[in-house]
1. Just for segment 191-211: of the residues that are loosely packed, with under 12 Cβ neighbours inside 10 Å and in contact with a strand residue (DSSP E or B) (Cβ under 7 Å, 6 or more places away or on another chain), which one is modelled with the lowest pLDDT?
2. Here are some conditions: (1) at pLDDT 95 or above; (2) of a type in the set (Val, Ile, Thr); (3) more than 16 Å from the ligand (Cβ to nearest atom). Val116 meets all but one. Which one does it not meet?
3. Among the residues of segment 256-308 satisfying the criterion of being among the β-branched types (Val, Ile, Thr) and under 15 Å from Leu63 (Cα atoms), which is nearest to the ligand (Cβ to nearest atom)?
4. Look at segment 62-97 and say how many of its residues are more than 14 Å from the ligand (Cβ to nearest atom) and under 15 Å from the mean Cα position of the chain (by Cα).
5. Just a yes or no: is a residue in segment 25-36 in a strand (DSSP E or B) and within 16 Å of the ligand (Cβ to nearest atom)?
6. Residues in segment 253-263 that are free of Cβ contacts under 8 Å to residues at least 40 places away in the same chain and within 19 Å of Ser157 (Cα to Cα): how many?
7. Of Gly249, Gly270, which residue is out of contact with any Pro (no Cβ under 6 Å at 6 or more places or on another chain), within 24 Å of Asn164 (Cα to Cα) and in contact (Cβ under 8 Å) with a residue 24 or more places away in the chain?
Amino acid sequence: MAASTPQSPHHQQQSSSPFVEYIRAPGGLDKVLLRGGRSCSVEIRLFGGQVTSWKNDHGEELLFVSSKANFRPPKALRGGIPICFPQFGSHGNLEQHGFARNRLWTIDDNPPPLPVNPAIKAFVDIILKPTEDDLKTWPHSFEFRLRIALGALGDLSLTSRIRNTNTDGRPFSYTFAYHTYFSVSDISEVRVEGLETMDYLDLKKERCTEQGDAIVFESEVDKVYLSTPPKVAIIDHEKKRTFVVTKEGLPDVVVWNPWDKKAKAMQDFGDSEYKHMLCVEPAAVEKPITLKPGEEWKGRVALSAVPSSYCSGQLDPLMVLHG
Ligand code: TA6
């Protein structure tokens, strides 16, 4: 796999920079590597527009990728941050979670301006447009621009801009999720704060209300929390690490752990890997987003991993959520 200096990925400096590396690979599996301070990095696979790695400044991997993941298209890679568009879930003639995660994205050479936060170390802009086949299953023209950025503190952000480019005057509606797989030490030692008392749709799509304290995991969880606050905290007791998920333009959050039975049923997922992962997915599911021709939607997620001494009761997760 020959590494080459950046061809056209956009980054802080508009010339080649050590922060962005464009890696050509056989079979259209080109990747972009963003490097931050110390050992921070983010890896993006152009197939699927999928973040497949996010490392902290100790070089520790913060995202989960299954040891049995299919790295070969057309199946989406089990792990990282698959993009669910134009639908979350499986209805009608679209494939489960839509086609965006199973298509080849390209480097966006000419993105419309998007203000760059000065703390951003490096970023890349990629773009997806529908293929002729896509137009047969989802007859709408769109431009889906995705900026993946690595901050100076090792934080990772994804900013999606989706524009309706239909020329026939037709609006379109879609649902969306950043299907984020977090790496955790032991799911039975993980708590999620920020979704207490929220309404959610359960596996049977029935509307329920979450109880009043942190979510813990003792069996399969597959819930779509509705109209939630902008921040969710995932506290990994054993690692003394808290992931903070901050979302904009995405009212809902999906929380998923397949547990043992579902884990065994997935061929691209190890039987016991459910113990070391948790999906917390900023999403727009309950109320589809509708765009008229020319309109653009923006949906952003920022992820950070902060030390948490929650186990000693010193870290108040609510501080993390509202600080
Ligand atoms: O995000 C939760 C979920 O909708 C689960 O129901 C499960 O199907 C998961 O997504 C994985 O879906 P995938 O199509 O990636 O196997």
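1. So in segment 191-211, the residues loosely packed, with under 12 Cβ neighbours inside 10 Å come out as 197, 203-207, 209, 211.
In the following step, the residues that additionally are in contact with a strand residue (DSSP E or B) (Cβ under 7 Å, 6 or more places away or on another chain) were identified as 197, 203, 207, 209.
On the way: Thr197: 95, Leu203: 88, Arg207: 97, Thr209: 96.
Step by step, filter segment 191-211, then rank; the result is Leu203.
2. Among (1) at pLDDT 95 or above; (2) of a type in the set (Val, Ile, Thr); (3) more than 16 Å from the ligand (Cβ to nearest atom), Val116 violates only (1).
3. Of the residues in segment 256-308, the ones among the β-branched types (Val, Ile, Thr) are 280, 285, 289-290, 301, 306.
Remaining after also requiring under 15 Å from Leu63 (Cα atoms): 280, 301, 306.
Numbers: Val280: 10, Val301: 15, Val306: 25 Å.
Checked segment 256-308; the qualifying residue nearest to the ligand (Cβ to nearest atom) is Val280.
4. Applying the first criterion (more than 14 Å from the ligand (Cβ to nearest atom)) to segment 62-97 yields 62-63, 67, 71-73, 86, 92-93.
Filter once more, so that each one left must be under 15 Å from the mean Cα position of the chain (by Cα): 62-63, 86.
Qualifying residue count for the region: 3.
5. First, the residues of segment 25-36 that are in a strand (DSSP E or B): 31-35.
Filter again for within 16 Å of the ligand (Cβ to nearest atom), leaving none.
No.
6. First pass over segment 253-263, keeping only residues free of Cβ contacts under 8 Å to residues at least 40 places away in the same chain: 256, 258, 260, 263.
Next, from what is left, pick out any that are within 19 Å of Ser157 (Cα to Cα): none.
Number of matching residues: 0.
7. Values: Gly270 fails: within 24 Å of Asn164 (Cα to Cα).
Checking each option against the conditions leaves just Gly249.
The rows are residues; the columns are (1) free of Cβ contacts under 8 Å to residues at least 40 places away in the same chain; (2) crowded, with 16+ Cβ neighbours inside 10 Å; (3) not aliphatic (A, V, I, L, M).
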position	(1), (2), (3)
Val232	no, yes, no
Phe243	no, yes, yes
Ala265	yes, no, no
Lys292	no, no, yes
Glu295	no, no, yes
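The values are calculated or read from the model by the stated rules, or taken from the named source; none is laboratory data. No experiment lies behind these values; they were computed from the predicted model shown. When we count neighbours, we look across all protein chains shown, and the Cβ atoms used for this are built from the backbone with ideal geometry, even at glycine.
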